[in-house]
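Everything below concerns the one structure shown next.
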Amino acid sequence: MSRQNDSYAATDHPQRRNTAVSNTNPAPARGTAERGSVQRPLRIAVVGSGPAGVYAADLLTKSAPVASGELTLSIDLFDRYPAPYGLIRYGVAPDHPRIKGIVNALHKVLDRGDIRFFGNVDYGTDLSLEDLQRHYDAVIFATGAIKDADLNIPGIELEGSFGAADFVSWYDGHPDVSREWPLDAKEIAVIGNGNVALDVARVLSKHADELLVTEIPDNVYRILKESPVTDVHVFGRRGPAQVKFTPLELRELSHSHDVDIVLYPEDFEFDEASDREIQSNNQVKTMVGTLTNWIAEQPEELSELTASRRLHLHFLHSPVEIVDSAETPGRVAGMRFERTELDGTGNVRGTGEILEYPIQAVYRAIGYFGSSLPDVEFDHRRGVVPNDGGRVLDADGAFVPGVYTTGWIKRGPVGLIGHTKGDALETIGHILDAREELPSAVEPEEAAVVALLEGRGVDYTTWEGWLALDAHEKALGAAAEPAPTHKGAVARERVKVVSREEMVAISNDGAAVTAG
């Protein structure tokens with residue numbers, strides 16, 4: 001696709017407006033990459049435009065060498081999706097209130113104009129590591145983790161057994177997943193005690209109309225609206241003091257209309273390690289306090305609960321087997337757990353008692369797992385790119401010059417979104433320390449990578465294109481019928497576009513109009 005009128009075809013791109021990190025400064029700066037007699041900005045490519053990638057790019061632009069004028073930068077951000085934000089757009093439940101704040105922060109970084117965005121560019125297909133090394137002095141991989149970790153128990157392959165990551169991708173309108181989802185179960189099990197497990201359980205149990213005030217895609221709303229679910233069970237292997245979710249996610253469960261939360265007194269076991277955590281960790285103390293308050297307020301007879309849907313929280317349950325259906329072989333019909341008990345250290349041991357629950361669907365939410373990257377070494381056991389502080393290692397454990405990593409693909413899918421800033425600081429510190437020794441890009445000109453993408457027919461999107469798509473989705477929300485929530489009709493925030501082709505078309509048409 002030719003882009004002769006696209007603003008990315010020139011180095012004086014309008015994205016580079018009003019920025020202190022100028023890429024067109026004619027005065028050579030000490031520390032700027034020198035190739036022969038030519039002084040130029042240090043060229044850096046970031047693969048992945050989620051929080052990890054954006055934080056790394058932002059922190060580079062705010063680093064001391066840049067602030068002092070010692071170093072100038074030219075940073076390009078690549079993403080396989082047409083829109084930016086990665087995990088924020090495609091990995092977090094749409095009804096999280098704090099997500100808006102994170103999106104706003106990422107938007108401000110990319111809207112400054114000193115970082116170029118190239119969407120709909122797939123590393124390994126459209127660009128290789130060799131390509132990136134030809135055009136950039138350093139490459140940072142921030143590709144995250146999008147697959148489900150395995151749960152190796154009998155019956156995991158049955159129809160009705162799903163990975164939570166796949167479900168999250170579906171309800172978040174991921175462009176590369178099916179528009180359909182088989183929501184035909186009345187009783188559902190969610191395995192895991194982290195934030196993703198609570199997200200999945202909340203979306204499964206929540207009435208669809210309550211989600212219309214978010215950016216939920218129309219196809220997702222339609223299928224959730226038809227769901228016959230009555231009971232969602234969340235199972236954790238350890239006790240209430242060992243859960244991995246956070247107070248905000250826990251409190252959000254109580255905000256669902258016409259959904260009763262059900263707890264079980266026999267699950268509230270605390271050992272010495274639990275007591276120490278409750279006393280020393282305010283977050284644990286808050287969550288245990290919330291749970292114990294809920295169970296104290298719960299009627300003694302569960303038959304007295306009045307909501308049409310119930311969300312059950314079970315602790316001290318270790319998954320053993322998913323039960324096949326006798327009536328319809330090959331389908332989920334139940335699940336067996338071994339009852340566990342705390343061992344005094346905060347860990348658990350099996351008791352030998354087996355409990356079985358009738359369910360028709362299982363969602364495993366026991367963690368994410370990273371995906372390997374072409375031409376980059378990969379640790380298939382841990383699901384990460386082998387690295388030392390963000391410096392990528394080869395098969396022999398040696399540093400790969402000019403190649404770095406940050407975020408979940410660096411340290412594994414643990415911690416909250418804000419933790420990626422610490423990762424990024426460590427990684428960019430190594431880049432800045434090594435800037436004089438980084439391999440030299442052969443074709444560092446900003447226009448060169450644009451010519452490469454266009455020459456290969458890559459239909460890439462830009463930041464201006466995202467602004468057009470963003471405005472389009474908000475306009476769809478404004479034009480839609482108000483959401484009929486239990487509090488009355490509420491205007492829809494936006495309607496997310498799902499189709500990759502439609503996203504690219506809207507983005508590029510909007511960017512072309514902006515370019516004039």
Check: Condition test on ARG310, is it over 22 Å from ALA197 (Cβ atoms) and either within 28 Å of the chain's Cα centre (by Cα) or of a type in the set (Lys, Arg) (or both)?
Finding: no
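Just to be sure before I move on: is LEU453 hydrophobic (A, V, I, L, M, F, W, C), modelled with pLDDT of 95 or more and open to solvent by 40 Å² or more (accessible area, probe 1.4 Å) in the structure I sent? I'd like the intermediate steps shown before the answer.
Working: hydrophobic (A, V, I, L, M, F, W, C): yes; modelled with pLDDT of 95 or more: yes; open to solvent by 40 Å² or more (accessible area, probe 1.4 Å): no.
Criteria not met by LEU453.
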Checklist line | Which numbered condition ARG134 fails, given (1) assigned to a loop (DSSP other than H, G, I, E, B); (2) charged (D, E, K, R); (3) more than 22 Å from PHE378 (Cβ to Cβ) | finding: (1)
Check: Got a number for residues in the range 42-92 being touching a residue at least 60 places away in the same chain (Cβ under 8 Å) and in a loop (DSSP other than H, G, I, E, B)?
Finding: 11
Margin query: For the range 260-305, which positions are within 19 Å of GLY194 (Cα to Cα), in a loop (DSSP other than H, G, I, E, B), out of contact with any helix residue (DSSP H, G or I) (no Cβ under 7 Å at 6 or more places or on another chain) and open to solvent by less than 30 Å² (accessible area, probe 1.4 Å)?
Written below: none
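Per-residue answers, yes or no, for (1) exposed (fewer than 14 other Cβ atoms within 10 Å of the Cβ); (2) closer than 30 Å to GLY389 by Cβ:
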{"position": "VAL442", "(1), (2)": "yes, yes"}
{"position": "VAL458", "(1), (2)": "no, no"}
{"position": "HIS472", "(1), (2)": "no, no"}
{"position": "ALA489", "(1), (2)": "yes, no"}
{"position": "ILE506", "(1), (2)": "no, no"}
{"position": "ALA512", "(1), (2)": "no, no"}
Check: Taking ALA365 and the conditions (1) surrounded by 18 or more Cβ atoms within 10 Å (Cβ to Cβ); (2) under 20 Å from ILE44 (Cα atoms), which numbered condition does it fall short on, given that it satisfies the others?
Finding: (2)
Notebook entry, point to check: Which residue, of GLU157, GLU180, GLU210, is open to solvent by less than 40 Å² (accessible area, probe 1.4 Å) and either among the charged types (D, E, K, R) or in a helix (DSSP H, G or I) (or both)?
Noted result: GLU210
Item checked: Residue among HIS233, HIS257 that alone is touching a residue at least 60 places away in the same chain (Cβ under 8 Å) and surrounded by 15 or more Cβ atoms within 10 Å (Cβ to Cβ) -> HIS233
Notebook entry, point to check: Does SER74 count as under 24 Å from GLY402 (Cα atoms) and either of a type in the set (Lys, Arg) or buried (at least 22 other Cβ atoms within 10 Å of the Cβ) (or both)?
Noted result: yes
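Just to be sure, is ALA189 closer than 28 Å to SER499 by Cα, aliphatic (A, V, I, L, M) and crowded, with 18+ Cβ neighbours inside 10 Å? Write out each step before concluding.
Values: closer than 28 Å to SER499 by Cα: no; aliphatic (A, V, I, L, M): yes; crowded, with 18+ Cβ neighbours inside 10 Å: yes.
Against the criterion (closer than 28 Å to SER499 by Cα, aliphatic (A, V, I, L, M) and crowded, with 18+ Cβ neighbours inside 10 Å), ALA189 does not qualify.
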Notebook entry, point to check: What tally of residues in the range 96-126 results from selecting those that are surrounded by 22 or more Cβ atoms within 10 Å (Cβ to Cβ) and either in a strand (DSSP E or B) or small (Gly, Ala, Ser) (or both)?
Noted result: 6
Checklist line | Filter result for ALA511 (in contact with a Leu (Cβ under 9 Å, 6 or more places away or on another chain), modelled with pLDDT under 95 and of a type in the set (A, V, I, L, M)) | finding: yes
Checklist line | Top-ranked residue in the range 227-259 [being over 21 Å from GLU187 (Cα atoms), part of a loop (DSSP other than H, G, I, E, B) and at pLDDT 90 or above; ranked as nearest to the chain's Cα centre (by Cα)] | finding: VAL243
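The values are calculated or read from the model by the stated rules, or taken from the named source; none is laboratory data. Owing to the predicted nature of the structure, the values given are computational and were not obtained by experimental measurement. Virtual Cβ from ideal backbone geometry, glycine too; neighbours counted across all protein chains shown. For the accessible areas, the whole protein counts, side chains as well, though only heavy atoms, and no ligand, DNA or RNA atoms are used. Shrake-Rupley method; radii C 1.70, N 1.55, O 1.52, S 1.80 Å.
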